[in-house]
Amino acid sequence: MAAMAKIERTLAAMRSAPQTVRYAELKAVCEHYFGAPRQKGTSHCVFKTPWPGDPRVNIQSGKGGGVKVYQVRQVLAAIDHLAEAQARAKGKKE
């Protein structure tokens, strides 16, 4: 349960101060929501998302272990999209 609390704290930091997010934190959030990256071992990690269209999230380690703000925003948008899709699916089941 401690891991989930850390993910939630990181998400809050991503929303309030995206410029302070570290690559390791962003990668952990992506792995939690999207599973293991389909590309790893380079400076990039590519995560597959479960919807059609542009079904990937690409993150990259920057100087000093940080990430670019636009990548944080893309991850947040993908997480929000996933939450909306899950809510719609839950609503259809009921």
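Cβ-Cβ contacts under 8 Å between residues 6 or more apart (or on different chains), taken from a first residue in region 31-60 that is free of Cβ contacts under 8 Å to residues at least 40 places away in the same chain and within 14 Å of A77 (Cα to Cα) to a second residue that is open to solvent by less than 90 Å² (accessible area, probe 1.4 Å) and of a type in the set (D, E), are listed as F47/E31. Filtering region 41-58 to residues that are assigned to a strand (DSSP E or B) and β-branched (V, I, T) leaves V46, V57. If you go through region 25-38 and keep only what is loosely packed, with under 12 Cβ neighbours inside 10 Å and either of a type outside the set (D, E, K, R) or in a helix (DSSP H, G or I) (or both), you end up with just A36.
Report, by residue number, each residue of region 63-94 that is surrounded by fewer than 10 Cβ atoms within 10 Å (Cβ to Cβ) and closer than 12 Å to Q19 by Cα. Correct list: Y70 only.
The values are calculated or read from the model by the stated rules, or taken from the named source; none is laboratory data. Not measured: the values here are computed from a predicted model. For neighbour counting, all protein chains shown are included, and Cβ atoms are generated from backbone atoms with ideal geometry for every residue, glycine included. These accessible areas exclude ligands, DNA and RNA; they are computed on the full protein's heavy atoms, side chains included. Shrake-Rupley method; radii C 1.70, N 1.55, O 1.52, S 1.80 Å.
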